[in-house]
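The values are calculated or read from the model by the stated rules, or taken from the named source; none is laboratory data. From a predicted model like this one, the values you see are computed outputs, not experimental measurements. Please note: Cβ atoms are built from the backbone with ideal geometry, for glycine as well, and neighbour counts cover all protein chains shown. To get the accessible areas, we keep the full protein, side chains included, count just its heavy atoms, and leave off ligands, DNA and RNA. Shrake-Rupley method; radii C 1.70, N 1.55, O 1.52, S 1.80 Å.
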Amino acid sequence: MYPLPEGCFAPRNQWYIAAWADEIRREPMERWILNEPIAFYRTEDGRAVALEGRCPHRHFPLGKSRLIGDNIECMYHGITFSPKGDCVRIPSQGMVPASCKVKAYPLVERWKWLWIWMGDPALADESLIPDHHEIGLTDPAFTVESGTYHAVPGRYMLMHDNLFDLTHLGFLHQTSIGAGDYSVVDEQRDNGDNWISSQREFPNIQCPPLYAQVFGYEGKVDRAFGMKLFLPSLHAGYDFLCKSRTDSDDPGAVLGKVRVYHAITPATKNTAHYFFAYGRTFKQDDDAFGKAMLASFNAVIEEDMLATREIESMLTTLGTTPPEVLLKADATCVRGRRLFESLIRKEQAV
Ligand code: FES
Ligand SMILES: [Fe+2]
């Protein structure tokens, strides 16, 4: 499925971010992941549960049903399932057919995220979840603001494409985080089996509008930013700014360091989930400032969603996948897509 080849949607034997931990409560919630409905809830002792969200009787959504203790009772005819997905009750008969059960997905609560394993539960190895300390989520040098969720009106790979090719900053985001020509600077790239990274440095550029406002500084800056995607879900990035080393009153003075976290999870074939957080090294005790900056980043994400929504609408309405013109700036994008494809092909080969 574009931008991946036909027959490739998303790798399954992987950890994906399913939700913010505080989104999952006692009241069941339905959320689609990899085109599967999932019912999330917490047991009485607070453990998060993810069950296949479709009752095997008449396909009523379990995420829109009710809890009886730790079990979930289908709203339609009352078939009840345990947190392991076993049927514990069919009100209209005593005998439980073997086919009357639902899948239970491995779910790990780490930091403020819930990670779900969509594939073979026997392969769900928690050590494959990216190290939260290494990527700065728990680094005391940064204050991390978390908690935004965006429903993306487009296929998940469009959002990865967006994050892979940051030459769009100077155009789509020209009034927020972009300023100047980001497309002419060389990119340093690297990748492994399950990750891909990209970095750029911009000496002596105009301070981007959002940061000019944040730092109260209108002069020239040296900026370095980059991103590492831990396939298939989490882009961990950084954005460091200092006063220009060649043209400022205080050369090299650090204005601030920002870390950004973009988690992209396929929802349906044509929609995705987007969980965003960021960390900062400045005004760390100023809660109101932190929230305001989060709101500014959310406005940036809305710009990305606009592009995604328009492209999804274009492709869906056309009903075909026209060839695309590939540019030099697409190198990371092309590598990233290949990594996704190879994960999917490996699973298909088994
Ligand atoms: S649809 Fe769930 S019990 Fe009938
Ligand atoms: Fe963007």
Handout entry: Cys residues of the chain counted as unpaired, since no other Cys beta-carbon is under 4.7 Å
Key = 8, 207, 242, 333
Fill in the blank from the handout: Taking Cα atoms, the helix 331-349 axis meets the longest principal axis of the chain at an angle in degrees (rounded to 10) of 20 degrees
Fill in the blank from the handout: Nearest 10, in degrees from 0 to 90: the angle of helix 287-318 to the longest Cα principal axis of the chain is 70 degrees
Completion exercise
Of all C-alpha pairs within region 220-303, those more than 15 angstrom apart amount in percent to 67 percent
Fill in the blank from the handout: Subtracting the Cα-Cα distance of residue 325 and residue 58 from 0.36 nm times their residue separation yields 91.5 nm
Handout entry: region 107-154: C-alpha gyration tensor shape, a/c 1.5 cut-off, then a/b vs b/c
Key = oblate
Problem - Heavy-atom accessible area per residue - region 1-137, 1.4 Å, Å² - result: 48 Å²
Handout entry: Carbon and sulfur %, accessible surface of the chain computed with the full protein complex present, 1.4 Å
Key = 53 percent
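From Cα pairs below 8 angstrom and at least 6 apart in sequence, can you work out the relative contact order of the chain, rounded to a whole percent?
Once normalised by length, the contact order is 18 percent.
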Completion exercise
Note on region 111-228: C-alpha Rg/Rh, Kirkwood Rh, two decimals, gives 1.01
